[in-house]
Amino acid sequence: MKKIEKIISKAIIGTDFENKTFIVGGYVRDKVMGIQSQDMDIVVELDNGGKKLADFLFRKRLSSRPVIFENFGTAFVMIENHKIEFVMTRKESYRDKNRKPDVAVGTLKEDIFRRDFTINSLIMNIISGEIKDITGKGISDIKKKIIRSTSNPGIIFGEDPLRMLRAIRFSIKLGFEIEPETAKGILENAKQLRHISWERRRDEIVKMLESDKPAQAINLLDEYNLLKNLIPELDKLKGLEQGKCHDLDAFKHTLKVLELTKPNLELRLAALLHDIGKVETISENGNGIHSDEHEKISAEISRKILKRLRFPINQIKRISYLIQNHMLLKNAGKNGEKISAKELRKLIFEAGENLDLLLELIHADNQVHTKDYIRQEQIPGIRKKIELLKKDFSKKEMPVSGKDVMAFFRLKEGTKIGELLEKAKDIWFEHPEWGKEKILEKMK
């Protein structure tokens, strides 16, 4: 990124952009913290300065052709394979219940105080490298590890409620505390999240789940009453007692499972939602508390949640598959000793590319139980068995097709074909070395 600084600074010396061009935001914050940053935003203290500078660099053949957003006075270009945003210094005003601001050219001070937090408000002269702290609190808040709004929290969060989610995300990412007045502002404005599009809410959730501390992020969202405005279904898990296998309520159990997952978005969404159906399936009898088939209801509810959050259909299918099958190995034994080769072949075939994530989810879930029910070695044991079977089985295709069944049994299309195919698969899982003819004969 230092090279990009030099390219731009060298190009603007002696032009109207000199001493009017500043790097702003996270890049400067990270520089003060001694962290390498890959994101660079540039503010230009001129009317339409962002678009003009982007166009200037393009004409100098130093960048790609700008992508312009007229309403916001911003432009994006690629320099050295990095996406750089250029914007004019601006002031914003919001009409009642409208989250899209009216934008006009503003002073450097107005531009800084419209930003979210003091730690993101530092600017750096791109030529001299001088860092300015216009709020007077940016550098000290970085040193104190504090997240503070640039001005009145009620105004900052009222103008763009998404900033409340950003506060949580930065707290998790940087290990900073949210200072009391800013925290109070979040609590007082939490309901304003309903004015934000589901897509924008989703994007912040994704960033939190992909962070190093996803469970801590969800816990903070709950602490600040934001979770209710993102995934209210999770709120119902709080205080929900589980069976004898558990010593945590369903909400705390969920967070612990999430904490144990590797940084894969689909896996972590599955972990977050894997028990969401327990509220609807919980029952109690002489043998204690039960939530029979909660995995199926959880999968159904998760599909609704993910659809609401505007996740792509293919992701929704994969995540709901993981959730629906996370109890699949509950009877496989502490070390996986009770699962047969036939059952493993079926698992390999039906899980397909979802196999690894499914095993990861089950392994995380297995570890969050009472002492007598923890199954730390189950999935490692099953993985060893799978590796042996996969050498001869994983790339095989089912030798019997629907057309084969129709021809052999002289049937027309219908539900009977599906039933017979399931029978063929069952035989094949038992005898993977058999070909089409032998399987069909066995089905008679």
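Listing for the model above:
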read-out	value
Principal-axis tilt of helix 415-430 within the chain, Cα atoms, nearest 10 degrees	80
Chain lengthening between Glu199 and Ser340 when straightened (0.36 nm per residue, less Cα-Cα)	46.4 nm
Residue exposure sequence - Val32, Val400, Val279 - by fewest surrounding Cβ within 10 Å	Val32, Val279, Val400
log₁₀ of I(q)/I(0) at q = 0.32 Å⁻¹ - the stretch 402-442, Debye sum with one point per alpha carbon	-1.15
Normalised per residue, the volume of the convex hull around the Cα set of the chain (Å³)	208
Intensity falloff of the stretch 65-216 expressed as log10 I(q)/I(0), Debye formula with alpha-carbon point scatterers, at q = 0.09, 0.20 Å⁻¹	-0.32, -1.53
Ranking of Met443, Met33, Met40 by count of other Cβ atoms within 10 Å, fewest first	Met33, Met443, Met40
Mean ellipticity per residue at 222 nm, deg cm²/dmol - from DSSP H runs of n ≥ 4 across the chain, formula -39500 (n - 2.57)	-14500 deg cm²/dmol
Entries in Lys252/Lys384; Lys334/Lys385; Lys256/Lys391; Lys391/Lys425; Lys296/Lys438; Lys278/Lys307 that, when Cα-Cα distance is taken, lie over 25 Å	Lys252/Lys384; Lys256/Lys391; Lys296/Lys438
Kirkwood Rh, angstrom, the stretch 162-206 [1 / mean 1/r, Cα pairs]	11.1
Residues whose placed amide H lies under 5 Å from that of Thr150, excluding near-sequence neighbours	Phe117, Thr118
Unit charges on C-beta of K, R, D, E only; dipole of the chain, Debye	880
Fluctuation leader among Gly352, Gly34, Gly138 - the chain, Gaussian network, Cα springs under 10 angstrom	Gly34
Rounded to 10°, Cα long-axis angle of helix 214-223 versus longest principal axis of the chain	70
C-alpha long axis of helix 313-324 to longest principal axis of the chain, angle in °	50
5 angstrom amide H check on Arg90, placed H, neighbours 5+ away	Gly106, Asp111
Local electrostatic count, Asn354, Cβ distance below 11 Å [Lys/Arg +1, Asp/Glu -1]	-3
q = 0.12, 0.14, 0.18, 0.20 Å⁻¹, the stretch 263-393: log10 I(q)/I(0) [Debye, one scatterer per Cα]	-0.49, -0.66, -1.04, -1.21
Residue order, fewest to most beta carbons within 10 Å, for Leu389, Leu440	Leu389, Leu440
Nearest-0.05 FRET efficiency for Gln376 and Lys213, computed from C-beta distance (R0 22 Å)	0.45
Cα gyration tensor of the stretch 2-137 - equivalent ellipsoid semi-axes, whole Å, descending	22, 19, 14
Lys60-Gln38 FRET efficiency (beta carbon distance; Förster radius 25 Å; 0.05 resolution)	0.60
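Every read-out reported here was derived from the displayed coordinates using simple, explicitly stated rules and does not represent laboratory data. What you are looking at is a predicted structure, and each value in this text was computed from that prediction instead of being measured. Note that each Cβ is placed from the backbone with ideal geometry, even for glycine, and that neighbours are counted across all protein chains shown.
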